[in-house]
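J.: Below: one structure in structure tokens.
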Amino acid sequence: MSKRVRFFKITSILMLISGSFAVLVGLIVLVFGLLLIFGSNDNIREISNALGRFAGIGIAIAILSSVTQLFTGIYSLKNIKNPEKANTFIHLGTLTAFLFIVSHVWDVYSVGFHDFFNNIFVYIGMVIPSFYIISAVQHKAEEEPHHHQASELSLVVGFVEKRKERIYEILFTLIFCGFVGWLFETIEVWIHFGTLTARGMLFISRINGFPILWGLPFILMYGIGGAVLIWCFKPLAKEPIKLFLVGTFVLTIFEYATSVFCEDVLGMKLWDYSKLFMNFQGRICISSSLAWGILSVISVKLLAPLFHQMYSKIENKKRLHIIIIAFMAFIIICYILRPFLNVEQY
């Protein structure tokens, strides 16, 4: 069983488990809410507000999403050896997340309820289906026939060499994406505020009052995001429309989930879209979502072939690998030293 198929199997099992749990909890909340309402006719609004998730239509759609998630898990496990059904898997995963998003938005606007427990279901109803969609996209690559025949020893050696080269190429992509991200943010801030800033891992430290510029023109989140994005959505390179839609949908969910996690767990609010057009809770907005879709297409259609071509043209791979390792080591050193030095970052 290949890694792609194994990844898809794991996410399918997660869909099955989380779907079963969500259906059970949804039915309990629905029955409990109905019993309370029938038992008390004077404070239906207060009961609905207290229950949070119980908002009639909202909980009904949430249960429908949970049933879809459960069915998707069962269907996927039964058809795991049929990569030609990858498009069906992607559609089912998208439908599951979409239904939950509708129920979540309905509850927020009709009941106005939002707490940590409710956010757990954000991960069950949005993030797990997103990982499932990514695994289904990876599973789609299994459609390509494999005609190569070789001895067991050569297959093992080839497997190790291929995986080693892929790791170095991913790190190579990560480095370039991190630099491109730093360049993008620096230029954007310069256009909006008319000043150049030290961003990401480019630091200014003061020793005896004298400023010293050190570090790297590099932002790690752009590097990791770009490398993961290219790796995850590469099988959709020949389907740009689907690539745009899947990238927009999945990455918007991750942006929302990351915002929830940072605020509820880390106590940090890293961004706020409250003043932007068509935003939801200030966590996501239409312009950001469309940007994710465009970035997905650009990354897979343009950047992925460019980085692969750049990497392939470098003849001395051993020297390149040493440079990559040294670069990654310096990134770690920068993060270790940063708390102990007088760092100014603008």
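J.: Collect the residues in region 179-213 that are among the aromatic types (Phe, Trp, Tyr) and free of Cβ contacts under 8 Å to residues at least 60 places away in the same chain, keeping them in residue-number order.
T.: Result: Phe179, Trp182, Phe184, Trp190, Phe193, Phe210.
J.: Something else: Filter region 243-262 for residues that are without any contact (Cβ under 8 Å) to a residue 40 or more places away in the chain and either buried (at least 21 other Cβ atoms within 10 Å of the Cβ) or not aromatic (Phe, Trp, Tyr) (or both) and give the result.
T.: Taking region 243-262 first, the residues without any contact (Cβ under 8 Å) to a residue 40 or more places away in the chain are 255, 258-259, 261-262.
Of everything in region 243-262, those that are without any contact (Cβ under 8 Å) to a residue 40 or more places away in the chain and either buried (at least 21 other Cβ atoms within 10 Å of the Cβ) or not aromatic (Phe, Trp, Tyr) (or both) turn out to be Glu255, Thr258, Ser259, Cys262.
J.: With the structure loaded, tell me whether Asp272 is assigned to a loop (DSSP other than H, G, I, E, B) and of a type in the set (Asp, Glu) or whether it fails that test.
T.: Yes: the conditions hold for Asp272.
J.: Can you find a residue in region 123-144 that is of a type outside the set (A, V, I, L, M), part of a loop (DSSP other than H, G, I, E, B), within 30 Å of Gly73 (Cβ to Cβ) and at pLDDT below 80?
T.: yes
J.: Here is a further query. Which of (1) among the hydrophobic types (A, V, I, L, M, F, W, C); (2) without any contact (Cβ under 8 Å) to a residue 40 or more places away in the chain; (3) farther than 22 Å from Tyr132 by Cβ does Phe176 not meet, given it meets every other one?
T.: Only one criterion is unmet by Phe176, namely (2).
J.: For region 121-136: of the residues being among the small types (Gly, Ala, Ser) and either within 13 Å of the chain's Cα centre (by Cα) or surrounded by fewer than 24 Cβ atoms within 10 Å (Cβ to Cβ) (or both), which is farthest from Phe98 (Cα to Cα)? Spell out the reasoning first.
T.: If we filter region 121-136 for residues that are among the small types (Gly, Ala, Ser), which is where we start, we get 125, 130, 135-136.
Among the residues that remain, those that are also either within 13 Å of the chain's Cα centre (by Cα) or surrounded by fewer than 24 Cβ atoms within 10 Å (Cβ to Cβ) (or both) are: 130, 135.
Working: Ser130: 10, Ser135: 17 Å.
Filtering first and then ranking leaves Ser135.
J.: Would you point out which residue out of Ser289, Ser259, Ser299 is part of a helix (DSSP H, G or I), farther than 18 Å from Val108 by Cβ and not assigned by TED's automatic domain parsing to the domain that holds Ile128? Write out each step before concluding.
T.: On the way: Ser289 fails: farther than 18 Å from Val108 by Cβ; Ser259 fails: farther than 18 Å from Val108 by Cβ.
After applying the criteria, what remains is Ser299.
J.: Out of Ser274, Ser312, report the one residue that is surrounded by fewer than 14 Cβ atoms within 10 Å (Cβ to Cβ) and touching a Gly at 6+ places or on another chain (Cβ under 6 Å).
T.: On the way: Ser312 fails: touching a Gly at 6+ places or on another chain (Cβ under 6 Å).
Only one candidate passes the filter, namely Ser274.
J.: Yes or no: Ile331 within 19 Å of Ile224 (Cβ to Cβ), β-branched (Val, Ile, Thr) and in contact (Cβ under 8 Å) with a residue 60 or more places away in the chain?
T.: yes
J.: Still on this structure, I have one more. Do any helices (runs of 4 or more DSSP H) lying entirely in region 1-104 carry at least 3 residues that are buried (at least 21 other Cβ atoms within 10 Å of the Cβ) and at pLDDT 85 or above, and which ones are they?
T.: In region 1-104, the matching helices (runs of 4 or more DSSP H) lie at 3-39, 57-78.
J.: From Phe249, Phe330, which residue is in a helix (DSSP H, G or I), aromatic (Phe, Trp, Tyr) and in the same structural domain as Leu213 (by TED's automatic domain parsing)?
T.: The conditions single out Phe330.
J.: Counting only residues that are loosely packed, with under 11 Cβ neighbours inside 10 Å and either small (Gly, Ala, Ser) or part of a helix (DSSP H, G or I) (or both), how many does region 189-216 have?
T.: Residues flagged as loosely packed, with under 11 Cβ neighbours inside 10 Å and either small (Gly, Ala, Ser) or part of a helix (DSSP H, G or I) (or both) within region 189-216 amount to 5.
J.: Would you check if there is a residue in region 159-171 being within 20 Å of Gly247 (Cβ to Cβ) and modelled with pLDDT of 85 or more?
T.: Yes, some residue in region 159-171 is within 20 Å of Gly247 (Cβ to Cβ) and modelled with pLDDT of 85 or more.
The values are calculated or read from the model by the stated rules, or taken from the named source; none is laboratory data. Note that the coordinates shown come from a computational prediction; the quantities given were computed from them, not determined experimentally. Glycine also receives a Cβ, built like all others from the backbone with ideal geometry; neighbour counts cover every protein chain displayed.
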